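Peer 1: Quick one: this structure, given as structure tokens, is what I'll be asking you about.
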Amino acid sequence: MLKLANVFSNHMVLQRDKNIAVWGECDQTKVTGECNGKKVTTSVEDGRFMLYFPPMEAGGPYDMKITCDGAEVAYHDIMIGEVWFAGGQSNMELPISRVTDMFADEIAGYNNEKIRHIIIPKVYNFHAPQEDMPQTSWKALTQDNVMDFSALAYFFAKAMYEKTNIPIGIINASWGGTPVEAWVSEEGLRQFPLY
């Protein structure tokens, strides 16, 4: 059995110039990963593993293969670039589909497969941090996918790409109407007994 965390999928963007962590579960003792000519191995502890690829420069597309005693998971069309977290409430969540009245020509005329995003599914648990999230996937900024992009993240990613000319990944974990306390850890709220 080999399963990687659901944040990993085809078309993902991984952070450049930093160690790249890949994690998941395996029922064997050793896991091997290959990406962009780099090969790394780690051991499995209590059915879980954390694999680190060395820092890589911006580029792609690349393939990644993770193996565990004959089981294999492969990802394709991976970019290495800048990864940004877009978290917050309704202003961050507001999708491109809701601003087409003001930006129709801008949106219809722009495709960039080096800009990608992943929308974190809306689930919660008030009792403990979660080990994983529901299945989701990375999407490139194409006319087929643009309407689901956060409008703010779309314009931010476009400006960043024009400035740097490197792939941009957006992790969209926004949820309109959530109270600010929902974004703070239990430890962070401990000094406020009301919450």
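Peer 1: Rounded to whole Hz and in sequence order, give me ³J(HN,Hα) for the range 5-11 from the Karplus expression 6.51 cos²θ - 1.76 cosθ + 1.60, θ = phi - 60°, writing x for Gly and Pro.
Peer 2: 4, 6, 6, 8, 7, 4, 6
Peer 1: Strictly under 4.7 angstrom between C-beta atoms: which cysteines of the chain have no such partner?
Peer 2: Within the chain, the cysteines lacking a partner Cβ under 4.7 Å are CYS35.
Peer 1: Could I ask something else about it? What do you reckon, how do LYS158, LYS39 stack up by accessible area (1.4 Å probe), largest on top? Kindly include the intermediate steps, with their values, before the conclusion.
Peer 2: Working: LYS158 35, LYS39 140 Å².
Most to least solvent-accessible, the answer reads LYS39, LYS158.
Peer 1: Let me check something: with ligands and nucleic acids excluded, how do HIS127, HIS11, HIS117 order by accessible area (1.4 Å probe), largest to smallest? If you can, show how the numbers build up before the last one.
Peer 2: Numbers: HIS127 165, HIS11 70, HIS117 5 Å².
Descending accessible area places them as HIS127, HIS11, HIS117.
Peer 1: Return the sequence-ordered ³J(HN,Hα) values of the range 80-89 in whole Hz as given by the Karplus equation 6.51 cos²θ - 1.76 cosθ + 1.60 applied to θ = phi - 60°, using x for Gly and Pro.
Peer 2: For the range 80-89, the Karplus curve yields 10, x, 9, 10, 10, 9, 10, x, x, 9 Hz.
Peer 1: Spelling out what I want: for every residue of the range 110-121, take phi, set θ = phi - 60°, compute 6.51 cos²θ - 1.76 cosθ + 1.60 (Karplus), and round to whole Hz; glycine and proline get x.
Peer 2: 10, 10, 7, 6, 8, 10, 9, 9, 9, 9, 6, x
Peer 1: Counting only Cα atoms, I'd like the Rg/Rh figure for the chain, Kirkwood definition for Rh.
Peer 2: Working: Rg = 18.5 Å, Rh = 18.3 Å.
Checking Rg against Rh, the ratio lands at 1.01.
Peer 1: Counting only the heavy atoms of the protein chains, how much of SER174 is accessible to a 1.4 Å probe, in Å² to the nearest 10?
Peer 2: 10 Å²
Peer 1: A further question follows. Using only Cα atoms, locate the centre of the range 1-27 and the centre of the range 144-169, then give the distance between them in Å, rounded to an integer.
Peer 2: 22 Å
Peer 1: Could you pull out every residue, at least 5 positions away or on a different chain, whose amide H is within less than 5 Å of the one on VAL83? Hs are placed 1.01 Å off N in the peptide plane, and Pro or chain starts have none.
Peer 2: Answer set, sorted by chain and number: ARG16, GLY169.
Peer 1: Pick from ILE80, ILE118, ILE166: which is most flexible by mean-square fluctuation in a GNM of the chain where alpha carbon atoms under 10 Å apart are linked?
Peer 2: ILE166
Peer 1: Next up: How long is the gain from PHE192 to THR41 if the chain were fully straight, where each residue apart is worth 0.36 nm and the alpha carbon distance is subtracted?
Peer 2: Numbers: separation 151, 0.36 × 151 = 54.36 nm, distance 4.42 nm.
Here the answer is 49.9 nm.
Peer 1: Tell me the mean residue ellipticity at 222 nm calculated for the chain from its helices only (DSSP H runs of n ≥ 4, each -39500 (n - 2.57), averaged over every residue, nearest 500).
Peer 2: Values: 4 runs with 31 residues, N = 195.
After summing the helix terms and dividing by residue count, I get -4000 deg cm²/dmol.
Peer 1: In terms of modelled amide H atoms, which long-range or inter-chain residues lie less than 5 Å from the amide H of LEU4?
Peer 2: GLU25
Peer 1: Still on this structure, I have one more. Under 10 Å, Cα contacts only: if you run a Gaussian network model on the chain, which one of ALA173, ALA159, ALA128 comes out with the highest mean-square fluctuation?
Peer 2: Result for the chain, Cα springs under 10 Å: ALA128 fluctuates most.
Peer 1: State the percentage of accessible surface on the range 20-103 attributable to carbon and sulfur atoms; use a 1.4 Å probe and exclude ligands, DNA and RNA.
Peer 2: 47 percent
Peer 1: Hey, another quick one. Along the Cα-to-Cβ line of ASP17, 7 Å from the Cα, sits a label point; which residues in the range 51-68 have backbone N less than 20 Å from it?
Peer 2: Within reach of a label on ASP17: 53-61.
Peer 1: Now for a separate question. Find the accessible area per residue for the range 43-195; the probe is 1.4 Å, ligands and nucleic acids are left out, and the unit is Å².
Peer 2: 60 Å²
Peer 1: Let me ask another. Using label points projected 7 Å from each Cα along Cα→Cβ, tell me how many nm separate ASP63 and ASP77, to one decimal.
Peer 2: Modelled inter-label distance: 1.5 nm.
Peer 1: Over the Cα atoms of the range 92-167, how large are the radius of gyration and the largest Cα-Cα distance (Dmax), in Å?
Peer 2: Considering the range 92-167 through its Cα atoms, Rg and Dmax are 14.5, 46 Å.
Peer 1: Another question, then. Obtain the nm distance between the two label points defined at MET102 and GLN135 by a simple spin-label model: each point lies 7 Å from its Cα along the Cα-to-C-beta direction.
Peer 2: Between MET102 and GLN135, the simple spin-label model gives 3.7 nm.
Peer 1: Work out which GluC sites (Glu not before Pro) in the chain are exposed loop sites (DSSP not H, G, I, E or B, at most 16 other Cβ within 10 Å) and give the longest gap free of them. Show your work: numbers first, answer last.
Peer 2: Details: sites that count: GLU57, GLU131.
It works out to 58-130.
Peer 1: Next question. Counting only protein chains, not ligands or nucleic acids, how are PHE85, PHE192 ordered by accessible area (probe 1.4 Å), most first? Intermediate results must be reported in sequence, preceding the final value.
Peer 2: Values: PHE85 140, PHE192 105 Å².
Accessible-area ranking of PHE85, PHE192, largest first: PHE85, PHE192.
The values are calculated or read from the model by the stated rules, or taken from the named source; none is laboratory data. A quick note: this is a predicted structure, and the numbers were derived from the prediction, not measured. Please note: Cβ atoms are built from the backbone with ideal geometry, for glycine as well, and neighbour counts cover all protein chains shown. Keep in mind that these areas ignore ligands, DNA and RNA; they rest on the heavy atoms of the full protein, side chains included. Shrake-Rupley method; radii C 1.70, N 1.55, O 1.52, S 1.80 Å.
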